[in-house]
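In what follows, a single structure is set out as structure tokens and then discussed.
Laboratory data are not the source of any read-out in this text; all were calculated from the coordinates shown. Remember, it's a predicted structure, so these values are computed and weren't measured experimentally. All Cβ positions, glycine included, derive from the backbone under ideal geometry; neighbour counts span all protein chains shown.
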Amino acid sequence: MTLIKSISGIRGTIGGRASEALTPIDIVKFTAAFGKILINKSGNKKIVVGRDARESGEMVSNLVVGTLQSIGAEVINLGLSTTPTVEIAVPLEQAAGGIILTASHNPGEWNALKLLNEKGEFISDAEGKDVLTLGESLDFDFAEVQDLGKVINDESYLQKHIDAVLALEYVDVEAIKKANFKVAVDAVNSTGGIFIPALLEALGVETIYKIHCEPNGKFPHNPEPLKEHLTDLSAAVLENGADLGIAVDPDVDRLVFMMEDGELFGEEYTLVAVADYILSKQKGNTVSNLSSTRALRDVTLKHGGEYYAAAVGEVNVVTKMKEVDAVIGGEGNGGVIYPASHYGRDALVGVAILLSHLAKLGKKMSVYRAELPQYFMSKNKITLTPDLDIDGLLDAMQKKYSHENHTTIDGLKIDFENEWVHLRKSNTEPIIRIYSEGPSPEAAEAIAQKIMNEMQEIISK
């Protein structure tokens with residue numbers, strides 16, 4: 001059983017004992033605390049709630065909605081939705097904040113509360129700590145019967161989200177229609193199975209091959225959209241002669257493309273390609289996190305902009321984007337943040353922009369991919385044990401590589417001449433992530449293995 005409280009929300013496995021997993025007690029106390037903080041801060045009682053399709057979703061939603069009623073909140077319940085849809089709904093509803101019920105790419109036994117402020121953006125680390133403190137103390141009163149809140153069920157936001165995407169300046173619906181794309185979609189049996197095909201139809205895509213698009217929460221494979229989990233999508237692309245494939249995670253904030261040859265475009269390159277198109281239309285700066293590919297830097301410089309790196313975590317990337325007035329940004333895991341839409345990772349925005357780009361290029365995805373800067377990434381992890389001194393381990397690695405260009409903004413990132421390695425504790429899982437990148441797959445993996453072997457030597461001492 002696991003319960004993780006971080007900048008990415010309150011995330012845990014369903015079942016087990018209170019405070020050791022995401023139990024009903026934990027859901028109720030942190031929901032109530034967050035709702036109280038929102039209402040006390042603004043006097044606004046309106047709070048938006050939406051969920052992905054995972055099997056625990058209905059149960060968690062019932063608890064969250066009921067709890068918000070119990071503190072006098074007015075709940076706008078979107079039901080089956082996506083993270084970016086809830087982010088859009090909060091300001092449109094002029095709500096005090098929002099809660100998204102999703103554990104994102106985590107397996108089916110997980111769920112989480114992702115917490116949004118009045119702008120529809122993730123709350124800060126300091127605000128998150130306030131929620132945790134109040135949730136643990138329970139130092140507040142629940143509403144008396146005459147002051148109980150109400151619930152408004154609103155299913156209109158699928159269309160509202162699509163309409164907002166279609167209205168973006170550089171989304172070219174006519175070009176997409178003329179391209180006559182054939183697209184395969186793997187939505188891991190979550191809400192992307194509703195939202196992505198509906199968006200594609202609105203964009204004029206007439207041929208859609210849907211696999212794993214039934215929003216029943218029964219994940220047919222690991223829900224993280226990585227190459228090894230997307231064999232069914234690859235087969236669907238090849239069997240149907242599709243121009244491309246689209247894969248999203250359960251809450252539809254991560255976006256991965258597959259090329260016409262059944263190979264991944266590369267999750268790192270979702271943001272790179274989108275940025276390439278946006279920067280060709282609008283000069284400006286870009287931001288990604290420290291674990292993202294150097295290719296974004298190269299593309300940004302090509303278009304005359306400046307590239308900046310932020311700590312991992314959407315809230316950190318957004319903060320940096322606002323600071324440097326970035327026109328496009330995101331995370332290398334397939335997360336596209338386009339401020340002209342909203343400050344949140346949005347797979348629907350990414351799909352519409354990339355299809356516009358491809359339609360105008362008139363090239364196969366594989367041809368375009370070969371034209372982009374060529375980097376290759378290796379992603380590894382070490383499972384944490386209770387006795388592992390993470391800080392001590394990272395300090396030892398920093399000392400070992402103090403002669404190399406490095407940063408400790410978020411864990412430890414070491415920049416070598418041709419490769420880099422980033423070591424950091426995950427915000428969402430009990431693991432240390434080891435990301436590396438080099439000019440070839442072999443180089444990326446070799447530097448990762450070298451670093452991991454050195455870490456194991458330190459651990460075993």
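Values computed for the structure shown
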| quantity | calculated |
| --- | --- |
| Two-site FRET efficiency, Leu166 against Thr385, from Cβ-Cβ distance with R₀ of 60 Å, rounded to 0.05 | 0.75 |
| Least to most buried among Asp391, Asp52 (fewest other Cβ within 10 Å first) | Asp391, Asp52 |
| 11 Å cut-off, amide nitrogen to a point 7 angstrom out along Glu214 Cα→Cβ, residues in the stretch 162-197 | 189 |
| Above-threshold pairs, the threshold being 22 Å between Cα atoms, out of Lys302/Lys363; Lys36/Lys119; Lys119/Lys283; Lys45/Lys114; Lys281/Lys413; Lys41/Lys119 | Lys119/Lys283; Lys281/Lys413 |
| Cross-link reach list, aspartates and glutamates versus Lys400, counting only Cα pairs under 16 Å and skipping chain neighbours closer than eight places | Asp391, Asp415, Glu454, Glu457 |
| Efficiency of FRET between His403 and Ser6 - r from beta-carbon atoms, R0 25 angstrom, step 0.05 | 0.20 |
| Surrounding net charge for Phe265, when Lys and Arg each add one and Asp and Glu each subtract one, Cβ distance under 15 Å | -4 |
| Fraction of antiparallel bridges per DSSP, the chain only, in percent to nearest 5 | 55 percent |
| Rounded, prolate or oblate (a/c below 1.5 giving rounded, otherwise prolate when a/b exceeds b/c) for the stretch 393-461 by Cα gyration tensor | rounded |
| Estimated inter-spin distance, Asp325 and Asp395, nm [label 7 Å along Cα→Cβ] | 4.2 nm |
| Structure-based [θ]222 nm, the chain - -39500 (n - 2.57) summed over DSSP H runs of at least 4, per residue, nearest 500 | -12000 deg cm²/dmol |
| Gln456-Glu136 pseudo-label distance in nm [points 7 Å out on the Cα-to-Cβ vector] | 3.6 nm |
| Neighbourhood charge, 13 Å Cβ-Cβ cut-off, centred on Asn77 and excluding it, Lys, Arg +1 and Asp, Glu -1 | -2 |
| Trypsin sites (Lys or Arg not before Pro) within the stretch 286-364, DSSP loop, no more than 14 other Cβ atoms inside 10 Å | Lys363 |
| Relative contact order (%) - the stretch 376-460, alpha-carbon pairs under 8 angstrom, separation at least six | 35 percent |
| Electrostatic dipole magnitude of the stretch 3-155 [Cβ: Lys, Arg +1; Asp, Glu -1; Cα centre; debye, to 20] | 120 debye |
| Stretch in the chain that is longest and holds no GluC sites (Glu not before Pro) that DSSP places in a loop and that have at most 12 other beta carbons within 10 Å | 207-416 |
| Phi-based couplings in Hz for the stretch 11-17 (Karplus 6.51, -1.76, 1.60; Gly and Pro marked x) | 10, x, 7, 7, x, x, 9 |
| In order through the stretch 202-215: 3J(HN,Hα) via Karplus (6.51 cos²θ - 1.76 cosθ + 1.60), integer Hz, x for Gly, Pro | 5, 7, x, 7, 8, 10, 10, 9, 9, 10, 6, 10, 8, x |
| Taking the chain and dividing mean pair separation by its residue count, relative contact order in percent (alpha carbons under 8 Å, at least six apart) | 12 percent |
| Residue-span extension gain [Leu361 to Glu263] - 0.36 nm each, minus C-alpha spacing | 33.3 nm |
| Sequence of Tyr157, Tyr401 once ranked by neighbouring C-beta atoms within 10 Å, starting from the fewest | Tyr401, Tyr157 |
| Hz values of 3J(HN,Hα) by residue in the stretch 166-182 - Karplus curve (6.51, -1.76, 1.60), Gly and Pro given as x | 4, 7, 5, 4, 9, 7, 10, 4, 4, 4, 5, 4, 5, 5, 6, 5, 10 |
| Residues Val188, Val64, sorted so that the one with the fewest Cβ neighbours within 10 Å comes first | Val64, Val188 |
| Entries of Lys177/Lys210; Lys178/Lys364; Lys182/Lys227; Lys379/Lys450; Lys5/Lys450; Lys29/Lys129 with Cα pairs more than 24 Å apart | Lys5/Lys450 |
| For the stretch 322-461, alpha-carbon Rg relative to the globular expectation (2.2 N^0.38 Å, N residues) | 1.27 |
| Within-10-Å neighbourhood charge of Gly241 [Cβ basis; K, R +1; D, E -1] | -2 |
| Prolate/oblate/rounded label for the stretch 3-155 (Cα gyration tensor, a/c 1.5) | rounded |
| Within the stretch 355-399: backbone nitrogen closer than 16 Å to the Asp125 label point (7 Å, Cα to C-beta) | 391 |
